[in-house]
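As structure tokens, the structure follows; a few thoughts come after it.
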């Protein structure tokens with residue numbers, strides 16, 4: 001299960017009760033997201049379906065899965081984005097605590113926490129903003145379309161190792 005502070009009750013996204021799962025095959029995982037969305041009432045369903053399409057437009061090679069009971073998108077085994085439905089809002093989840101602060105000027109007018117961007121249940125995030133969120137996350141990961149182990153290693157002097 002996810003991490004939480006002692007004494008704090010975790011809030012579950014709407015329509016979820018399953019424990020976290022690993023990404024399976026693309027077809028099964030995409031079906032799990034279809035099922036998640038099907039359990040939602042309108043307009044939440046349509047708004048999150050639009051967000052899903054926007055995420056896949058930016059990262060068409062992303063693997064879809066359910067992680068911690070919420071739809072998520074992974075590249076090379078690393079979660080790059082996700083979303084969830086709650087009672088009074090929807091959330092975009094960058095799966096990094098530094099993506100939202102990096103885009104603070106572009107996010108003026110949205111409510112957010114360190115790890116989630118909240119938006120109205122009937123108003124999808126603009127495609128331009130979704131692209132910025134995902135490209136910022138990919139830049140942080142050093143993603144260039146290569147698997148993480150194919151990235152250029154840091155020199156030992158940069159990491160304080162032997163010279």
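Any read-out appearing in this document is the output of simple, stated calculations on the displayed coordinates, not a laboratory observation. Model, not experiment: these values are computed from the prediction. Every residue, glycine among them, receives a Cβ derived from its backbone with ideal geometry; neighbour counts consider all protein chains shown.
Data for the structure
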{"item": "Span from the the stretch 76-118 Cα centroid across to the the stretch 27-70 one, whole angstrom", "result": "15"}
{"item": "Backbone N within the stretch 84-103 under 20 Å of label point (7 Å from residue 46 Cα along the Cβ vector)", "result": "84-92"}
{"item": "Approximate spin-label separation residue 113-residue 56, in nm, with each point projected 7 Å along Cα-to-Cβ", "result": "2.8"}
{"item": "Paramagnetic reach from residue 89 in the stretch 120-144 [backbone N under 11 Å; point 7 Å along Cα→Cβ]", "result": "120-121"}
{"item": "Label zone at residue 98, where the point sits 7 Å out along the Cα-to-Cβ direction: the stretch 124-139 residues whose backbone N lies under 19 Å", "result": "132-139"}
{"item": "Scattering curve values for the stretch 26-144, log₁₀ I(q)/I(0), Debye with Cα scatterers, q = 0.11 Å⁻¹", "result": "-0.31"}
